[in-house]
There are 8 protein chains.
Amino acid sequence: MTSLVGIIMGSDSDLSVMKDAAEILREFGIESEVKVLSAHRTPDQAIEYAKNAEANGLKVIIAGAGGAAHLAGVTAGNTVLPVIGVPISTKALRGIDSLLSTAQMPPGIPVATVAINGAKNAGILAVQIIAEGNAEVREKLRAYKKKMEMDVLAKTEKLGEIGYEEYLKQ
Amino acid sequence: MTSLVGIIMGSDSDLSVMKDAAEILREFGIESEVKVLSAHRTPDQAIEYAKNAEANGLKVIIAGAGGAAHLAGVTAGNTVLPVIGVPISTKALRGIDSLLSTAQMPPGIPVATVAINGAKNAGILAVQIIAEGNAEVREKLRAYKKKMEMDVLAKTEKLGEIGYEEYLKQ
Amino acid sequence: MTSLVGIIMGSDSDLSVMKDAAEILREFGIESEVKVLSAHRTPDQAIEYAKNAEANGLKVIIAGAGGAAHLAGVTAGNTVLPVIGVPISTKALRGIDSLLSTAQMPPGIPVATVAINGAKNAGILAVQIIAEGNAEVREKLRAYKKKMEMDVLAKTEKLGEIGYEEYLKQ
Amino acid sequence: MTSLVGIIMGSDSDLSVMKDAAEILREFGIESEVKVLSAHRTPDQAIEYAKNAEANGLKVIIAGAGGAAHLAGVTAGNTVLPVIGVPISTKALRGIDSLLSTAQMPPGIPVATVAINGAKNAGILAVQIIAEGNAEVREKLRAYKKKMEMDVLAKTEKLGEIGYEEYLKQ
Amino acid sequence: MTSLVGIIMGSDSDLSVMKDAAEILREFGIESEVKVLSAHRTPDQAIEYAKNAEANGLKVIIAGAGGAAHLAGVTAGNTVLPVIGVPISTKALRGIDSLLSTAQMPPGIPVATVAINGAKNAGILAVQIIAEGNAEVREKLRAYKKKMEMDVLAKTEKLGEIGYEEYLKQ
Amino acid sequence: MTSLVGIIMGSDSDLSVMKDAAEILREFGIESEVKVLSAHRTPDQAIEYAKNAEANGLKVIIAGAGGAAHLAGVTAGNTVLPVIGVPISTKALRGIDSLLSTAQMPPGIPVATVAINGAKNAGILAVQIIAEGNAEVREKLRAYKKKMEMDVLAKTEKLGEIGYEEYLKQ
Amino acid sequence: MTSLVGIIMGSDSDLSVMKDAAEILREFGIESEVKVLSAHRTPDQAIEYAKNAEANGLKVIIAGAGGAAHLAGVTAGNTVLPVIGVPISTKALRGIDSLLSTAQMPPGIPVATVAINGAKNAGILAVQIIAEGNAEVREKLRAYKKKMEMDVLAKTEKLGEIGYEEYLKQ
Amino acid sequence: MTSLVGIIMGSDSDLSVMKDAAEILREFGIESEVKVLSAHRTPDQAIEYAKNAEANGLKVIIAGAGGAAHLAGVTAGNTVLPVIGVPISTKALRGIDSLLSTAQMPPGIPVATVAINGAKNAGILAVQIIAEGNAEVREKLRAYKKKMEMDVLAKTEKLGEIGYEEYLKQ
């Protein structure tokens, strides 16, 4: 089965964050592939990947990188597919560098930026995009949204029943 | 003809930025609608708009807001369509407030954030999403990308011919 | 007995901070209720809560949220009661995102913002507001203020007696 | 007629911002008084003002200051009335200094902070607090909120009628 | 023996930082006194302290506070003595809030601000000020400076001898 | 007559800010000298100046610089006199770079940092330091402080008389 | 004559800044070439340029870009020549985004970053690098440094002669 | 054998970061020397070191410092050699202070700034500069770059083989 979403990252140290994208996609039954590709250390392969993405059947690319985070932008420069950028938190500046170098793209080349370390949301956004032409996936999104709502309501109900002191002891 | 993209903004003072989204969509031949809807001043209408968006035939919503920019997030909370957030530059903090309150969404509810005042890129991202199921639009994207490339190359060629002093005098 | 203060938060992970508001209100003998309500995951319930707050006898709402912190703003958009916002510290940006998305509200819809993780102060501010029409509560505020003063003076006195080296060993 | 709201500011250069608080209060028919009082240049008078505020019939104090903005905090240290802080925009750092030195108060002494230059919202927040014990004022708040909603809806309607190009030419 | 330097701080939790000022002053043989005095919780005592400082024989006041750090500024507003401000690091924003609310004082009321948690430097600065009229203290400053130089040179010499790998193992 | 205060700056473009220090010193009758000396472009002269300052009769050095502002720190490294640093506002980052590179000095070498562009306060701080051993200067400081207070009170009185609308028209 | 330095930029709007690099290189008699090449809009040409740079006789590449500034990083990923990055000031965030996305490169791929809009320094740094193997150029650098020193000294001398009031009137 | 690269730092606490520069240089077979030299505590030696660097055979100087990081700038002011600055991460502000005070140099005196704690990249940049006149070193750079590429590709291949869950368990 062909991957619909490519999940790429600048370093394998980003994998513990980026796996969240793969997991949520799997939860929605959407095939994805995970690759380490650096805009700086493997520029040829990164660009090749972006250029062939459409032909390879991908519908969305999710790119995670930290610091001077160029992977999402460079990918977006080499494809017409939507590219989602995940700014990875950094040790020194905690990801504000990653956020700005992912989001502040020049006119013409958008990167759909999510929160710092927001790989799960990147996955959901990919699902929302794929759902444009797929009623079944969209239905799953509705169910997912409903479930989130129910989870919060269950928590607030439990909080009401046992009080916040008990709740915090759980 | 039905709108495929809803362009909403928190205040009509955002229109001079957000019009860029409408214009690029028109350039791609994609119908859009432009509305002023505030998450704070017209919460009922903003939420109603988000809830009905899918039924009304929208495929993407672009939401622009500045400062404590909640419109994109609130919209995303009320639809399963992809929501693109445009952080509008602010007078005091120049949009870093808008960027953070648009991008830093919690897990479960993504907002595809573009650059501060990046309404044009929001429009292109919407086109990329619509192009998932529309080969003609995708072809236009390729042409658009090619044209951007040609424009830059023409500039660098001219620069080479006349030199930077002349170029700056233009 | 009816709650005078509603304490709401976007996630139950905020509870360890927000409990400080409930505790200080209890210390002042003011009834409060604690709920998990998300502007993004349970928008209908969050808005319903805000709209009914006045009729339900609430006098103040305290809303805590982190990151793209929209809960206080959305609540303020749906009630004429005073809404106090508590920006919750975040892992990556430590709450500067929460602070800006809580405080930088547009004209017309104020949120009374306290410090990052300042739930205790949110509670005291609620007490101060309730004290407008309640001489007994105001008297308690005076006593509380006096006690804070006495506590600091006791510390400075002890410091003077035993010296800073001993004081630090305590 | 006695003032219910004291509007104080660190310098008369803040008046062009702080007047917004006085104007909105007047719009609501609430008497206010406007004073220049500096935590640094007139500390005795600033403290005296705060200490006597309650006895003088004030119900809320609004304090605006810029840079190392201490006026709201010092006022809050000397009264049990609710104190609303307005961070005034500064030339160099545009008010982020004012915002942090107004909002980041220590436990025990809250300042209800509004947006940078958010004097209008400070006024509305004062009205909301006064409305706790005044049904007529609260009714006016509801009307004000309704009017804001109507204004936005009128704009979005006009936008729909004439289109954004025409709207921008207005 | 009379204290020449008053070391005050907003909370006894600041003492583990502020003790560095007391220690360096002791090293220079200059008497100091250490007090907990809050601009917000004990405003009367803080102001009294500042007003009486000169009469009590103090030559310099060192004030440390964190967050909305008003103690140094309020002190400076109530004395003509030089006031040194120590911005204390904070949990959420790590002291950038303290630094801005200490340093960004309005014209007329300077606070001599040192680095975040720079209590040792505050002490040395106090010594430098006292040395204006005290040749013996100035001589000690020269010796202190010389010793710092010697310490660095000894380190670089050792580094040269044993190499950085060995040096790091020490 | 010998200068007591040296006012140095990294570039003559800083003079329009730094002149405020010279003017306030003149107002207090304290002789100063003004020099352009760069830590980077004239390092020898800058260091020479610092080394000879004490022997030349200076009591305080005020150093202003912008961006990577090293002048105050380098000066402080070459004298035991108190050094006051004035962070000069910069075009791109508006002086936050200057503030951090002036204030964040390592242990052992303090720079008494004032606000961004706070040259006037640098001058007053120099006066306060000189006043340690000069009762006449201290008396002038008291008068200056009194005058500031009177000025603010006159403004608040006028504001009370004519109202804020008239006041703003002045 | 072959160019030794390639000056590239992401957009021709950067040229008014980047021309400073070309001018200083010309002042040093070093041939350079100026090109508009975007990491996002002309990725193939940008990469080609970097890959061929060494073979084409370049010794240094200077790359300027603003916002999500990827050009310097992408260039550095495709050459072993030293790459100097010039972060271009941006309208909204004034270049802090450009600075972080230029400087915060991952291990293995350095970019020699200069100040925001520091194209002149980028040029001088290129000269310093070229001077490694060129005694004549190094001599010119010494002369340039000497001239800078003389210019500052002339200014300080003039300032001493005419006083700061006159100096400012020039 | 003579050192080609001088690695200096403001404090021996920076050594655990700065050793990365020494190690990578050794990997490339380039001799370096490591010294602790402070712009503030040993200004004479720091300046002497910079002034003699060229005569002593150095080709590049790498300077690391944190906070108000003046060492690289002061070094650059005293040599015509290229100076690479390494901003060292700080406890309070995590290195944003170091980055700004290293990078934001005034026109005329460049510092080639690398990432916060980017000592390894400083070393590689020094190698790239030395490679200008040394074909053997340049060849090593090409091999190093190739090896980085191979390492990333090996990781992505392994990831493809064992899947991300297994990969993360390694």
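Along each principal axis, taking the top coordinate minus the bottom one, the Cα set of the protein assembly as shown gives 78, 78, 59 Å in descending order.
Once C-alpha pairs closer than 8 Å and six or more residues apart are averaged by separation and normalised to the residue number of chain A, the relative contact order reads 20 percent. Near the amide H of residue G:109, within less than 5 Å, lie no amide hydrogens of residues on another chain or at least 5 residues away, with H placed in the peptide plane. Looking at the stretch H:69-170, the trypsin sites (Lys or Arg not before Pro) that sit in a DSSP loop and have at most 15 other Cβ atoms within 10 Å of their own Cβ are H:91. Nearest 10 degrees, 0 to 90: what angle lies between the long axis of helix G:43-53 and the longest principal axis of chain G (Cα atoms)? The two axes meet at around 70 degrees. Within the assembled protein chains, the solvent-accessible surface assigned to residue H:102 is about 10 Å², based on a 1.4 Å probe.
Can you work out the accessible area per residue across the stretch H:1-148, with the rest of the protein chains kept in place, probe 1.4 Å, in square angstrom? List each step's numbers first, then the result.
Numbers: 4200 Å² over 148 residues.
Normalised by residue count, the accessible surface of the stretch H:1-148 is 28 Å².
Would you compute, from DSSP H runs of 4+ residues alone, the mean residue ellipticity of chain G at 222 nm, taking -39500 (n - 2.57) per run and dividing by the full residue count, rounded to the nearest 500? Don't jump to the answer; show the numbers that get you there.
Working: 6 runs with 85 residues, N = 170.
Calculated at 222 nm, the ellipticity per residue is -16000 deg cm²/dmol.
With everything on Cα atoms, drop me the angle between helix D:15-27 and the longest principal axis of chain D, reported from 0 to 90° to the nearest 10. Rounded to the nearest ten degrees, it is 70.
Excluding residue F:86 itself, what net charge comes from residues whose Cβ is under 13 Å from its Cβ, given Lys and Arg +1 and Asp and Glu -1? Don't skip to the end; give the middle numbers.
Numbers: positive: F:19, F:120; negative: F:14, F:20.
Net charge in that neighbourhood comes out at 0.
Seen from residue F:144, the other residues with C-beta closer than 14 Å to its C-beta sum to a net charge of +3, counting Lys and Arg as +1 and Asp and Glu as -1. Against the main long axis of the alpha-carbon atoms of chain F, helix F:135-169 sits at an angle near 50°. Applying the criteria of a DSSP loop state and at most 14 other Cβ atoms within 10 Å to the GluC sites (Glu not before Pro) of the stretch F:18-92 yields F:31.
Think of the stretch C:5-133 as having a plus end and a minus end, set by charges on the Cβ of Lys, Arg, Asp and Glu; of C:21, C:96, C:43, C:96 sits farthest toward the positive end of this dipole. Just checking the listed ones, B:113, B:79, B:42: in the Gaussian network model of chain B with Cα springs under 10 Å, the one fluctuating most is B:42. On the beta carbon distance between residue D:142 and residue E:16, with R0 = 41 Å, the FRET formula returns roughly 0.20. Extension gain for residue G:55-residue G:150 works out to 30.2 nm (0.36 nm per residue, less the C-alpha to C-alpha distance).
If you take every residue apart from residue F:77 with its C-beta less than 11 Å away from the C-beta of residue F:77, what net charge results, scoring Lys and Arg +1 and Asp and Glu -1? Please report the intermediate quantities before stating the final value.
Working: positive: E:145, F:51, H:41; negative: E:149, H:44.
Summing Lys and Arg as +1 and Asp and Glu as -1 gives +1.
Please state, to two decimals, what the Cα-based radius of gyration of chain C comes to when divided by 2.2 N^0.38 Å (N = residues).
Values: Rg = 17.8 Å, N = 170, 2.2 N^0.38 = 15.5 Å.
The value comes to 1.15.
Take the cross-link list D:91/F:120; C:120/C:158; B:169/G:19; D:120/G:91 and give me the ones stretching past 18 Å between alpha-carbons. Listed pairs above 18 Å: C:120/C:158; D:120/G:91.
Note on residue C:166 and residue H:170: their simple-model spin labels are 6.0 nm apart, each label 7 Å out from Cα toward Cβ. Expressed as a whole number of Å, what is the distance separating the alpha-carbon centroids of the stretch B:12-28 and the stretch D:24-74? With the stretch D:24-74 and the stretch B:12-28 each reduced to a Cα centre, they are spaced 44 Å. By the rule of a C-alpha distance below 20 Å, with chain neighbours fewer than 8 residues away ignored, the aspartates and glutamates paired with residue A:145 are A:20, A:23, A:27, A:132, A:136, A:157, B:44, B:48, B:54, C:12, C:44, C:48.
The values are calculated or read from the model by the stated rules, or taken from the named source; none is laboratory data. As the structure is a prediction and not an experimental result, all values here were calculated from the model. Here the Cβ is made from the backbone with ideal geometry for all residues, glycine too, and neighbour counts use every protein chain on show. The area values use the complete protein model at the heavy-atom level, side chains included, leaving out ligands, DNA and RNA. Shrake-Rupley method; radii C 1.70, N 1.55, O 1.52, S 1.80 Å.
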